[in-house]
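Following: one structure in C-alpha cells, then a few remarks.
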C-alpha cells in the first residue's frame, strides 16, 4: 500500500480507535487507578496509533485496498476530508453483517486491551501481576484455553499458541490468535492498595435530646406564628440525621427564621434563615448557618457574600473536593482528549440523577391562553438528586447547569469567591439523612463526605 493511501486510511480509522480508548477511559474512572490515569489517556492513544494502529492499517486485505485505491482515484482533487468520507461510504456495504461485526469486535478488543495494559504500567506498581482469563466454551481457541489462569509479571508476555502476547488482542499474536478473541486480562497486586480512606459510616455520638427552636424569633407572613414555629421544629427533628442534629444542638440557634413559600437563603450578617417547609430546603439553609457557626463567626463583607465559614477556611475540605473532582474526571480539562471524556462523564451523571418525563401544561396567558402543551422535564431518580446535582455544578463552576441543563446555582453564582465550598457543605448537610443520596455520595464523593463527617463528629468530642 502506498504512503498516500495509507495516510488516507489512517484518517478514516484513527477516529474509531480514539473513540474506543475514550470509551475505555470513561469506564475506568471509578476504579482505583482513575485518580492518576485521567491525564494518561491522550498519551496512551498516541502510543497506540504509533505502535499498533499504524500496523493494523497496513494489514488491510487486497480487496479492501482496491476499494480504497479506486475511491481515492475518483476523488483525488476533492481533498482528504471528502476522500475519507467517500472511503467510509464505499466500504460500508462491504463491512456489513458478519465481517463488520468481526472487524469491530477485533479492533475494539485490541484498542481497549492496549489501553488497560498501558494504564496498569503507568500506575508504577512493580509487583503488579496480570492473569489471562479465557471464555471457557466450545467457541474458544484451544490455545487460549491452554493459557487460562496463566499469571505473569506486568512487564512480561504470555505465551499463546507459541507466540508472545503482552495482552489479549496483541497484534504480536497474529490474526490466528487475535480475531474474535473474547479473553480478558485481570491485573492484581500481592496486597490490595486502597487509594481512598474508608469512610466511617457509624456515628457513635447520638444525641438523645430534640432540637428546640422556641427561642428563635419567628417571622410568619400569614397565619399563626406559634403553629408555624412548631411546624419548623417538627420538620427539623424529623429530617435531621443523628450527626446533623448533633451539630444543631451543640451550636447557637439562628437569630430568626422567616417562613417563605418559595424562597430559600441564609444571611450571615443577620443570622437569618428564610425557607419554605420543604424539608431539604430548610435543612440546606440550616447547613449554611452551621457552616458559619463552625467558622470564626467574623462577618467579612465582600462584593457578594462572605468568606468566613468553616468550609471556605478549611484546607482539608478544599483538598477533599479537589481530590473527588479529579477522581470523577471533572477537573478543568487540560486538553481536548480529556474534554471529550468529560462530556460523557457529565452526561452519565445527569442520567444517573434524572429521567426525562413528558408533562402536559396549560398556557396561562397570551394569545394561546388555555391551550395544552407538552414539554419534557427532568424528574429526580433518587431522593436529593437536585442537591447532588448542585454539588456537581459547584465542582464544574456552573458548567453542569449551563451546558447540561441540570439543577444548580449556575456559572455567575459560582464565580463568586467562596460559594463553591459553602454550597457543597450545605448540600452535604441537607443530604445526610437520605440513604439513597448517601450511597451516591459515598461512591462519587468519598473524600468530601469523610472530611464533612469528621468535622461534624468533632462537635460531639
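Take residue 314 and decide whether it is assigned by TED's automatic domain parsing to the domain that holds residue 435, touching a residue at least 24 places away in the same chain (Cβ under 8 Å) and touching a strand residue (DSSP E or B) at 6+ places or on another chain (Cβ under 8 Å).
no
So, in segment 430-461, exactly how many residues are under 14 Å from the mean Cα position of the chain (by Cα) and either part of a helix (DSSP H, G or I) or closer than 13 Å to residue 246 by Cβ (or both)?
Total meeting the criteria: 6.
Within segment 210-248, how many residues are part of a helix (DSSP H, G or I) and touching a helix residue (DSSP H, G or I) at 6+ places or on another chain (Cβ under 9 Å)?
Result for segment 210-248: 12.
Taking residue 127 as meeting all but one of (1) in contact (Cβ under 8 Å) with a residue 60 or more places away in the chain; (2) in a strand (DSSP E or B), write down the number of the exception.
(2)
Only residues in segment 161-175 that are on the phi > 0 side of the Ramachandran plot and not assigned by TED's automatic domain parsing to the domain that holds residue 117 count as the first member; pair them with residues that are surrounded by 15 or more Cβ atoms within 10 Å (Cβ to Cβ) and assigned to a loop (DSSP other than H, G, I, E, B), Cβ under 9 angstrom, at least 6 apart or cross-chain, and list the lot.
Every condition considered, the pairs that remain are 161/141; 161/147; 169/181; 169/183; 174/161.
Can you tell me which residue is farthest from residue 214 (Cα to Cα) among those in segment 255-280 that are under 29 Å from the mean Cα position of the chain (by Cα) and touching a residue at least 24 places away in the same chain (Cβ under 8 Å)?
280
So, in segment 112-157, how many residues would count as being modelled with pLDDT under 85 and closer than 15 Å to residue 180 by Cβ?
7
Conditions (1) assigned by TED's automatic domain parsing to the domain that holds residue 453; (2) farther than 22 Å from residue 431 by Cβ; (3) at pLDDT 90 or above; (4) out of contact with any strand residue (DSSP E or B) (no Cβ under 7 Å at 6 or more places or on another chain), marked per residue:
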position: 200; (1), (2), (3), (4): no, no, no, yes
position: 248; (1), (2), (3), (4): no, no, yes, yes
position: 266; (1), (2), (3), (4): no, no, yes, no
position: 299; (1), (2), (3), (4): no, yes, no, no
position: 302; (1), (2), (3), (4): no, yes, no, yes
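Listed here are the residues, each with its yes/no results for (1) modelled with pLDDT of 95 or more; (2) farther than 18 Å from residue 281 by Cα.
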{"residue": "355", "(1), (2)": "no, yes"}
{"residue": "387", "(1), (2)": "yes, no"}
{"residue": "398", "(1), (2)": "yes, yes"}
{"residue": "423", "(1), (2)": "yes, no"}
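The values are calculated or read from the model by the stated rules, or taken from the named source; none is laboratory data. As the structure is a computational prediction, the values presented were derived from the model and not from experiment. A quick note on method: Cβ atoms are made from the backbone with ideal geometry, for glycine too, and the neighbour counts reach across all protein chains shown.
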